[in-house]
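Data first, discussion second: the structure below is written as structure tokens.
The values are calculated or read from the model by the stated rules, or taken from the named source; none is laboratory data. Nothing here was measured: the structure is a model prediction, and the numbers come from that model. Cβ coordinates were reconstructed from backbone atoms using ideal geometry, including for glycine residues, and neighbour counts include every protein chain displayed. Each accessible area value is taken on the protein alone, full model and side chains, heavy atoms only, with ligands, DNA and RNA left out. Shrake-Rupley method; radii C 1.70, N 1.55, O 1.52, S 1.80 Å.
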Amino acid sequence: MVMDSKAMQKLKPYLGVVFLQFGSAGFGIVAKAALNQGSSNYTFSVYRNAIAAALFIPFAFFLERKIRPTMTFSIFWKILLLSLFDPVIGQNMFYAGMKYSSATFASAMCNLIPAHFCLGLDTQIETVNLKSVRSNAKIMGTLVTVGGAMIMTLIVGPIIGLPWTHKSQDSNASTSVEDPVKGAIMIGTGCLGYSLFYTLQAITLKSYPAGLSLTAMVCSLLGTIVTFLAERGNTSVWALGWDAKLLAYVYGGVISSGITYYLSGVIMKEKGPVFVTAFNPLSMVKYCRNYEFFHFC
């Protein structure tokens, strides 16, 4: 029983990151549907993070009231930067790029996120020992994921239908205006924002270990301010209805913002940011299975 308990403790981080990637894959599908229905990428980010904040604020208030560290100027600026890197830069650029591409394409581009391993070296979060098998594996893994993202970005082959493919989904996927180059640039910028977010999150958790409170504060009003500036005078973007847009907002807020921010922080404390992002290519497989077609080079 003791051995089983120890084995389960070692297995938890792996189960956690697999869950995160499954959640990410599902979000890509509903997000693309919402964007195709005319959702603004700015509004998308605001609603997503507002839902996440509303969900996590009560838990943070009651569960961490005795362990929450004192807010300092240094911690405040780190949290402000976190809310800039992901909710503003990462999410807005990712959604804007997805409008010009597909969920599968966006998932392939997200394989760039493990390249934040290089950022981790600059901030001394990760260390490299060329004599170590683990370090060499991290380097090779980073090269493979970045190389794969570049291949899928630059080389587009024919769609190969699988036995379970439905033609209606393929036709729906092609109805939006596509510009792979513009989409790749925007999604790549979004991935840079995500990478900076994960790196800074690992640093912030060392001085502010209250994960629930950190999640609630990251989902701040900064994105709302940006949206009002970008969409001033256009009140229609705030309209809500019982459609794919509402589903995407709720799914994104609960899974992709709230649970992902908190769970990735918990895993990061034990395994580091590179471990969390190293499983990103798994979402590519789930995207392809859910979207029911593959692009082969």
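The residues on offer are 213, 220, 168, and the sole one that is open to solvent by 30 Å² or more (accessible area, probe 1.4 Å) and modelled with pLDDT of 70 or more is 220.
Conditions (1) open to solvent by less than 60 Å² (accessible area, probe 1.4 Å); (2) more than 25 Å from residue 236 (Cβ to Cβ); (3) in a helix (DSSP H, G or I), marked per residue:
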site	(1), (2), (3)
7	yes, yes, yes
24	yes, yes, yes
29	yes, no, yes
33	yes, no, yes
52	yes, no, yes
65	no, yes, no
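If you go through the stretch 257-265 one residue at a time, do you hit one that is part of a helix (DSSP H, G or I), surrounded by fewer than 16 Cβ atoms within 10 Å (Cβ to Cβ) and either modelled with pLDDT of 85 or more or among the acidic types (Asp, Glu) (or both)? The answer is no, given that none of the residues of the stretch 257-265 is part of a helix (DSSP H, G or I), surrounded by fewer than 16 Cβ atoms within 10 Å (Cβ to Cβ) and either modelled with pLDDT of 85 or more or among the acidic types (Asp, Glu) (or both). For the stretch 73-94, the set of residues classified as closer than 16 Å to residue 206 by Cβ and free of Cβ contacts under 8 Å to residues at least 60 places away in the same chain consists of 76, 77, listed by residue number.
Does residue 227 satisfy the condition of being in contact with a Phe, Trp or Tyr (Cβ under 9 Å, 6 or more places away or on another chain) and either modelled with pLDDT of 75 or more or among the aromatic types (Phe, Trp, Tyr) (or both)? Taking the combined requirement at face value, the residue does not satisfy it.
Annotation: residue 70 fulfils all but one of (1) β-branched (Val, Ile, Thr); (2) within 16 Å of residue 251 (Cα to Cα); (3) free of Cβ contacts under 8 Å to residues at least 60 places away in the same chain; the unmet one is (2).
With respect to residue 59, is the statement that it is open to solvent by 70 Å² or more (accessible area, probe 1.4 Å) and assigned to a helix (DSSP H, G or I) true? Considered against the rule, which asks whether it is open to solvent by 70 Å² or more (accessible area, probe 1.4 Å) and assigned to a helix (DSSP H, G or I), residue 59 comes out as yes. Within the stretch 35-44, the set of residues being surrounded by fewer than 19 Cβ atoms within 10 Å (Cβ to Cβ) and part of a helix (DSSP H, G or I) comprises 36 only. If you go through the stretch 95-112 and keep only what is more than 28 Å from residue 206 (Cβ to Cβ) and part of a helix (DSSP H, G or I), you end up with 95, 96, 97, 98, 99, 103, 104, 105, 106, 107, 108, 109.
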